1. Do the conditions hold for GLY155, that is, is it under 25 Å from THR74 (Cβ atoms) and surrounded by 14 or more Cβ atoms within 10 Å (Cβ to Cβ)?
2. Any idea which of ARG261, ARG285 is open to solvent by 80 Å² or more (accessible area, probe 1.4 Å) and either of a type in the set (Ser, Thr, Tyr) or under 37 Å from the mean Cα position of the chain (by Cα) (or both)?
3. Somewhere in the range 126-142, is a residue over 30 Å from ARG318 (Cβ atoms), open to solvent by 10 Å² or more (accessible area, probe 1.4 Å), touching a His at 6+ places or on another chain (Cβ under 9 Å) and not aliphatic (A, V, I, L, M)?
4. Of all residues in the range 323-340 being open to solvent by 100 Å² or more (accessible area, probe 1.4 Å) and over 30 Å from LEU251 (Cα atoms), which is modelled with the highest pLDDT?
5. Which one is nearest to ASP110 (Cα to Cα), of the residues in the range 73-94 that are of a type in the set (S, T, N, Q) and surrounded by 19 or more Cβ atoms within 10 Å (Cβ to Cβ)?
6. Taking the conditions exactly as written (over 20 Å from the mean Cα position of the chain (by Cα) and open to solvent by less than 40 Å² (accessible area, probe 1.4 Å)), does LEU192 satisfy them or not?
7. For SER248, are the conditions met, namely being among the hydroxyl-bearing types (Ser, Thr, Tyr), assigned to a helix (DSSP H, G or I) and either open to solvent by 30 Å² or more (accessible area, probe 1.4 Å) or within 30 Å of GLY156 (Cα to Cα) (or both)?
8. Would you be able to say whether some residue in the range 47-58 is modelled with pLDDT under 85, surrounded by fewer than 16 Cβ atoms within 10 Å (Cβ to Cβ) and assigned to a helix (DSSP H, G or I)?
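The values are calculated or read from the model by the stated rules, or taken from the named source; none is laboratory data. Not measured: the values here are computed from a predicted model. In this analysis, Cβ positions are derived from the backbone assuming ideal geometry, glycine residues included, and neighbour counts consider all displayed protein chains. These accessible areas exclude ligands, DNA and RNA; they are computed on the full protein's heavy atoms, side chains included. Shrake-Rupley method; radii C 1.70, N 1.55, O 1.52, S 1.80 Å.
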Amino acid sequence: MREHELRRQVVSEMHLRRWPLLQLPVAVFQWVLEVGPGEREAERSVLSALCGSQSDEENPRHLSGALFGDVSFTWERQSEGSTLTVFCPERAIEVLLDPGLDSSVGEAIDWAETLPGAIIRATSIWVGGDEAEVERALPAVDFNRSELVSCGLSGGVRIWSDFRIHPDGRGRLVVSAGEVDRSDLTRQLQQLQELGNYRNKALLGLPVAQEAWPRLDAAERELAALAKAVTSSVASDDDLLAQLSDLSLELSTIATSIGYRMNATAAYSRLVEERLAQLAPEPIRGFASLVDFTERRFLPAARTCAALTERERQLTRRARQISELLRARIETRIENQNAKLLRSMERSTTMQVRLQQIVEGLSVVAVSY
């Protein structure tokens with residue numbers, strides 16, 4: 001049988017985004033980058049210069065291999081950018097705080113930061129053994145205690161983070177593995193990172209929404225004034241139609257400028273909800289949980305973006321309805337004018353016939369005389 005040309009690519013898609021099995025303790029560094037079309041060639045050049053890197057033949061958007069010493073990496077290209085993850089096994093928590101303490105880790109970080117693109121999220125993760133071991137190391141991490149989020153995951157895994165950007169430009173996450181199976185631990189950490197990555201990508205829509213909201217306020221005020229003007233006969237139909245056309249163009253411009261980002265925010269928001277449900281965080285007394293953090297900060301932003309999209313659609317529908325009413329009024333007025341014109345023409349024709357009859361009668365009388 002002839003094989004479909006995309007078969008191997010779609011099958012390999014199901015095996016992407018898998019981390020290698022983590023060996024504890026381990027330091028993990030991850031960057032989520034927004035890479036523009038003009039930067040893709042430079043990105044490929046940096047990646048192709050790696051020694052020992054291996055690309056997936058069925059799917060060239062995935063790359064993995066060794067960097068320096070026992071440091072390894074995975075790289076994946078997405079529609080909006082790329083994600084690079086560096087794994088440094090058998091590293092103490094001090095390396096997380098200062099990668100320069102270890103030459104291999106330092107070289108790996110230096111290389112990673114040569115990749116083109118704008119950083120959307122950068123995270124440093126340290127995974128230790130039991131909770132007691134990790135809690136002894138926590139004071140060195142310098143978390144903001146008032147912002148500290150800590151909760152349990154399935155299998156006895158526990159996480160700590162304040163989700164702040166620290167002086168090194170990265171967020172910090174500390175994890176105790178407990179007795180969980182290493183494959184389950186790797187899967188949970190990857191889901192946890194995907195949750196944060198999708199959250200940041202979704203939040204890119206919030207500044208766009210905040211910027212567009214005043215424009216919709218102005219459009220709504222103008223639409224209300226036009227709706228009132230349509231019910232009166234003060235303004236001419238031509239002026240009202242021109243104003244409605246300008247307003248519809250403004251709403252179309254707003255929809256075009258926010259459409260992609262709002263749709264992306266909605267899609268990423270659904271992924272955040274899915275990852276949060278998969279992780280099923282277990283609250284710990286005295287700490288905010290991952291669910292609390294997400295519901296308090298992320299959900300209002302996502303709902304603002306959703307409300308903006310719905311409001312723009314409603315204003316566009318209202319502008320279309322008012323435009324249709326105005327056009328109906330214009331058409332009715334034209335029909336009335338045409339009816340008057342026809343009646344006037346009918347009267348004129350009748351008078352002309354009568355006048356012709358009178359003239360013809362007089363002509364007969366004159367000829368007879």
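1. Against the criterion (under 25 Å from THR74 (Cβ atoms) and surrounded by 14 or more Cβ atoms within 10 Å (Cβ to Cβ)), GLY155 does not qualify.
2. ARG285
3. yes
4. LYS340
5. THR85
6. no
7. When the stated conditions are applied, SER248 passes them.
8. Scanning the range 47-58, I find at least one residue that is modelled with pLDDT under 85, surrounded by fewer than 16 Cβ atoms within 10 Å (Cβ to Cβ) and assigned to a helix (DSSP H, G or I), so the answer is yes.
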